[in-house]
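> Sending over a structure as C-alpha coordinates; questions will come in a sec.
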Amino acid sequence: MPKSTFFNLPEEKREKIMESAIDEFAQYSYQKGSINRIVERAEIAKGSFYQYFEDKKDLFKYILEKSGEEKMVYLTHIIGDLDKLDFFHTIRELYIGGIRFGQEHPKLAAIADRFMKDADQQLMEEMFGDSKGKSQMVFQGLLLKGIERGEVDPKIDVELVAMLIASMSLSISEHFLKEKNTGNLMDMMEVLDKMLYVIEHGIKVKKEGEKND
(Lines give C-alpha, C1' and ligand atoms only; values in the text may rest on other atoms or scores of the structure.)
Protein backbone atom coordinates (compact mmCIF):
# COMPACT_ATOMS: atom_id res chain seq x y z
CA MET A 1 0.00 0.00 0.00
CA PRO A 2 1.14 3.58 -0.60
CA LYS A 3 2.54 5.50 2.34
CA SER A 4 0.42 8.06 4.16
CA THR A 5 2.37 10.83 2.40
CA PHE A 6 0.80 9.75 -0.89
CA PHE A 7 -2.73 10.05 0.46
CA ASN A 8 -1.89 13.44 1.94
CA LEU A 9 -1.12 14.81 -1.53
CA PRO A 10 -3.68 16.98 -3.33
CA GLU A 11 -6.07 14.82 -5.34
CA GLU A 12 -4.89 16.28 -8.64
CA LYS A 13 -1.28 15.31 -7.92
CA ARG A 14 -2.25 11.81 -6.80
CA GLU A 15 -4.23 11.31 -9.99
CA LYS A 16 -1.34 12.53 -12.14
CA ILE A 17 1.05 10.04 -10.50
CA MET A 18 -1.43 7.20 -10.94
CA GLU A 19 -2.16 8.13 -14.56
CA SER A 20 1.55 8.19 -15.29
CA ALA A 21 2.04 4.78 -13.68
CA ILE A 22 -0.96 3.27 -15.48
CA ASP A 23 0.29 4.62 -18.82
CA GLU A 24 3.71 3.10 -18.12
CA PHE A 25 2.47 -0.38 -17.23
CA ALA A 26 -0.11 -0.38 -20.02
CA GLN A 27 2.79 0.11 -22.45
CA TYR A 28 5.45 -2.00 -20.68
CA SER A 29 5.35 -5.17 -18.63
CA TYR A 30 5.89 -5.02 -14.88
CA GLN A 31 9.47 -6.20 -15.35
CA LYS A 32 10.24 -3.54 -17.99
CA GLY A 33 8.28 -0.73 -16.38
CA SER A 34 10.49 2.21 -15.40
CA ILE A 35 10.17 4.40 -12.31
CA ASN A 36 12.32 6.96 -14.13
CA ARG A 37 9.75 7.28 -16.92
CA ILE A 38 6.88 7.40 -14.42
CA VAL A 39 8.36 10.25 -12.36
CA GLU A 40 9.36 12.15 -15.51
CA ARG A 41 5.82 11.91 -16.87
CA ALA A 42 4.32 12.80 -13.49
CA GLU A 43 6.77 15.69 -13.09
CA ILE A 44 7.97 14.68 -9.65
CA ALA A 45 11.45 14.01 -8.28
CA LYS A 46 12.53 10.38 -8.09
CA GLY A 47 13.20 10.89 -4.38
CA SER A 48 9.59 11.96 -3.94
CA PHE A 49 8.42 8.66 -5.42
CA TYR A 50 10.02 6.77 -2.56
CA GLN A 51 8.24 9.04 -0.11
CA TYR A 52 4.95 7.78 -1.57
CA PHE A 53 5.74 4.12 -2.34
CA GLU A 54 8.21 1.57 -1.04
CA ASP A 55 9.25 0.53 -4.54
CA LYS A 56 7.92 -0.37 -7.99
CA LYS A 57 6.29 -3.50 -6.63
CA ASP A 58 4.36 -1.47 -4.05
CA LEU A 59 3.07 0.85 -6.77
CA PHE A 60 2.15 -1.97 -9.14
CA LYS A 61 0.30 -3.87 -6.45
CA TYR A 62 -1.71 -0.75 -5.65
CA ILE A 63 -2.64 -0.39 -9.33
CA LEU A 64 -3.86 -4.00 -9.39
CA GLU A 65 -5.90 -3.42 -6.23
CA LYS A 66 -7.52 -0.30 -7.69
CA SER A 67 -8.20 -2.20 -10.91
CA GLY A 68 -9.92 -4.95 -8.93
CA GLU A 69 -12.06 -2.38 -7.13
CA GLU A 70 -13.08 -0.79 -10.42
CA LYS A 71 -13.98 -4.17 -11.90
CA MET A 72 -16.16 -5.03 -8.90
CA VAL A 73 -18.34 -2.03 -9.75
CA TYR A 74 -19.31 -3.88 -12.92
CA LEU A 75 -20.01 -7.15 -11.10
CA THR A 76 -21.79 -6.04 -7.91
CA HIS A 77 -25.30 -6.01 -9.39
CA ILE A 78 -24.75 -9.49 -10.82
CA ILE A 79 -23.76 -10.86 -7.43
CA GLY A 80 -26.96 -9.35 -6.04
CA ASP A 81 -29.04 -11.24 -8.63
CA LEU A 82 -27.53 -14.69 -8.11
CA ASP A 83 -30.81 -16.16 -6.89
CA LYS A 84 -32.65 -14.86 -9.96
CA LEU A 85 -30.31 -16.28 -12.61
CA ASP A 86 -29.43 -19.85 -13.48
CA PHE A 87 -25.78 -20.91 -13.60
CA PHE A 88 -25.20 -20.26 -17.29
CA HIS A 89 -26.87 -16.84 -17.28
CA THR A 90 -24.83 -15.92 -14.21
CA ILE A 91 -21.57 -16.83 -15.97
CA ARG A 92 -22.70 -14.88 -19.03
CA GLU A 93 -23.43 -11.78 -16.96
CA LEU A 94 -20.10 -12.05 -15.14
CA TYR A 95 -18.25 -12.27 -18.45
CA ILE A 96 -20.23 -9.32 -19.84
CA GLY A 97 -19.30 -7.30 -16.76
CA GLY A 98 -15.65 -8.10 -17.39
CA ILE A 99 -15.97 -7.08 -21.04
CA ARG A 100 -17.56 -3.74 -20.14
CA PHE A 101 -14.84 -3.10 -17.59
CA GLY A 102 -12.23 -3.77 -20.29
CA GLN A 103 -14.01 -1.48 -22.75
CA GLU A 104 -14.20 1.43 -20.34
CA HIS A 105 -10.84 0.86 -18.64
CA PRO A 106 -8.66 -0.63 -21.41
CA LYS A 107 -5.36 0.32 -19.79
CA LEU A 108 -6.22 -1.31 -16.45
CA ALA A 109 -7.49 -4.40 -18.24
CA ALA A 110 -4.32 -4.58 -20.36
CA ILE A 111 -2.09 -4.27 -17.30
CA ALA A 112 -3.79 -7.12 -15.43
CA ASP A 113 -4.00 -9.31 -18.55
CA ARG A 114 -0.31 -8.95 -19.39
CA PHE A 115 0.74 -9.57 -15.82
CA MET A 116 -1.35 -12.73 -15.55
CA LYS A 117 0.34 -14.08 -18.68
CA ASP A 118 3.93 -13.00 -17.97
CA ALA A 119 4.46 -13.21 -14.22
CA ASP A 120 5.92 -16.25 -12.51
CA GLN A 121 3.83 -18.01 -9.87
CA GLN A 122 5.70 -16.56 -6.90
CA LEU A 123 5.34 -12.98 -8.09
CA MET A 124 1.70 -13.52 -8.99
CA GLU A 125 0.91 -14.84 -5.51
CA GLU A 126 2.77 -11.92 -3.98
CA MET A 127 0.86 -9.37 -6.04
CA PHE A 128 -2.60 -10.91 -5.96
CA GLY A 129 -2.40 -12.63 -2.59
CA ASP A 130 -5.22 -15.14 -2.54
CA SER A 131 -7.52 -13.14 -4.84
CA LYS A 132 -7.00 -15.55 -7.74
CA GLY A 133 -7.95 -18.42 -5.45
CA LYS A 134 -11.00 -16.48 -4.29
CA SER A 135 -12.08 -15.97 -7.90
CA GLN A 136 -11.90 -19.70 -8.51
CA MET A 137 -13.81 -20.32 -5.28
CA VAL A 138 -16.60 -18.06 -6.55
CA PHE A 139 -16.96 -20.24 -9.66
CA GLN A 140 -16.88 -23.37 -7.50
CA GLY A 141 -19.71 -21.97 -5.41
CA LEU A 142 -21.73 -21.18 -8.52
CA LEU A 143 -21.16 -24.68 -9.87
CA LEU A 144 -22.26 -26.28 -6.60
CA LYS A 145 -25.40 -24.14 -6.59
CA GLY A 146 -26.02 -25.12 -10.21
CA ILE A 147 -25.69 -28.80 -9.30
CA GLU A 148 -28.09 -28.33 -6.41
CA ARG A 149 -30.64 -26.71 -8.74
CA GLY A 150 -30.25 -29.45 -11.34
CA GLU A 151 -28.67 -27.08 -13.88
CA VAL A 152 -25.15 -28.59 -13.87
CA ASP A 153 -24.05 -32.21 -14.28
CA PRO A 154 -23.25 -33.54 -10.79
CA LYS A 155 -20.58 -35.87 -12.25
CA ILE A 156 -18.19 -33.02 -13.08
CA ASP A 157 -15.00 -32.30 -11.14
CA VAL A 158 -16.13 -28.98 -9.62
CA GLU A 159 -12.62 -27.73 -8.82
CA LEU A 160 -11.32 -28.52 -12.31
CA VAL A 161 -14.28 -26.97 -14.11
CA ALA A 162 -14.06 -23.84 -11.94
CA MET A 163 -10.41 -23.51 -12.94
CA LEU A 164 -11.29 -23.91 -16.62
CA ILE A 165 -14.07 -21.31 -16.47
CA ALA A 166 -11.78 -18.85 -14.68
CA SER A 167 -9.10 -19.44 -17.33
CA MET A 168 -11.63 -18.92 -20.11
CA SER A 169 -12.52 -15.58 -18.53
CA LEU A 170 -8.90 -14.50 -18.96
CA SER A 171 -8.87 -15.78 -22.54
CA ILE A 172 -11.98 -13.75 -23.33
CA SER A 173 -10.36 -10.63 -21.88
CA GLU A 174 -7.23 -11.19 -23.94
CA HIS A 175 -9.25 -11.69 -27.13
CA PHE A 176 -11.26 -8.52 -26.65
CA LEU A 177 -8.21 -6.46 -25.75
CA LYS A 178 -6.64 -7.48 -29.05
CA GLU A 179 -9.84 -6.71 -30.96
CA LYS A 180 -10.76 -3.51 -29.12
CA ASN A 181 -9.99 -1.26 -32.07
CA THR A 182 -12.25 -3.11 -34.50
CA GLY A 183 -14.79 -4.92 -32.36
CA ASN A 184 -17.99 -3.54 -30.87
CA LEU A 185 -20.14 -4.86 -28.06
CA MET A 186 -22.42 -6.83 -30.38
CA ASP A 187 -19.44 -8.57 -31.99
CA MET A 188 -18.06 -9.35 -28.56
CA MET A 189 -21.39 -10.75 -27.40
CA GLU A 190 -21.52 -13.05 -30.42
CA VAL A 191 -18.09 -14.51 -29.59
CA LEU A 192 -19.01 -14.74 -25.91
CA ASP A 193 -22.22 -16.64 -26.64
CA LYS A 194 -20.32 -19.09 -28.86
CA MET A 195 -17.92 -19.80 -26.01
CA LEU A 196 -20.74 -20.13 -23.49
CA TYR A 197 -22.51 -22.57 -25.81
CA VAL A 198 -19.48 -24.84 -25.53
CA ILE A 199 -19.49 -24.50 -21.73
CA GLU A 200 -23.18 -25.42 -21.57
CA HIS A 201 -23.37 -28.10 -24.26
CA GLY A 202 -19.84 -29.42 -24.71
CA ILE A 203 -18.33 -30.48 -28.03
CA LYS A 204 -19.61 -34.04 -28.29
CA VAL A 205 -21.99 -34.70 -31.18
CA LYS A 206 -25.46 -35.45 -29.79
CA LYS A 207 -26.95 -38.74 -30.91
CA GLU A 208 -30.52 -38.87 -32.10
CA GLY A 209 -32.83 -38.68 -29.14
CA GLU A 210 -30.29 -37.00 -26.87
CA LYS A 211 -31.13 -33.57 -25.55
CA ASN A 212 -28.94 -30.49 -25.79
CA ASP A 213 -30.14 -29.13 -22.46
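The values are calculated or read from the model by the stated rules, or taken from the named source; none is laboratory data. Remember, it's a predicted structure, so these values are computed and weren't measured experimentally. Every residue, glycine as well, gets a Cβ built from its backbone with ideal geometry; the counts of neighbours run over all protein chains shown. All accessible areas refer to the heavy atoms of the entire protein, side chains included, with ligands and DNA or RNA removed. Shrake-Rupley method; radii C 1.70, N 1.55, O 1.52, S 1.80 Å.
> Would you please list the contacts, defined by Cβ atoms under 6 Å and residues six or more apart or on different chains, that run from a residue in region 1-22 that is over 11 Å from Tyr62 (Cβ atoms) to a residue that is among the hydroxyl-bearing types (Ser, Thr, Tyr) and assigned to a helix (DSSP H, G or I)?
Thr5/Tyr52
> Just to be sure before I move on: is Ala45 surrounded by fewer than 18 Cβ atoms within 10 Å (Cβ to Cβ), more than 29 Å from Gly97 (Cα to Cα), outside the structural domain of Ala109 (by TED's automatic domain parsing) and of a type in the set (Gly, Ala, Ser) in the structure I sent?
So Ala45 passes the test.
> Tell me which residues, restricted to region 80-95, are within 30 Å of Glu19 (Cβ to Cβ) and either in the same structural domain as Ala21 (by TED's automatic domain parsing) or at pLDDT below 85 (or both).
The answer is Tyr95, and nothing else.
> Sticking with this one: Need the failing condition index for Asn36 against (1) of a type in the set (S, T, N, Q); (2) without any contact (Cβ under 8 Å) to a residue 12 or more places away in the chain; (3) closer than 30 Å to Val138 by Cα, just the number.
(3)
> Let me ask you something else. Taking region 1-29 as the search range and keeping residues that are open to solvent by 30 Å² or more (accessible area, probe 1.4 Å) and not in a helix (DSSP H, G or I), which one is nearest to Ala109 (Cα to Cα)?
Checked region 1-29; the qualifying residue nearest to Ala109 (Cα to Cα) is Tyr28.
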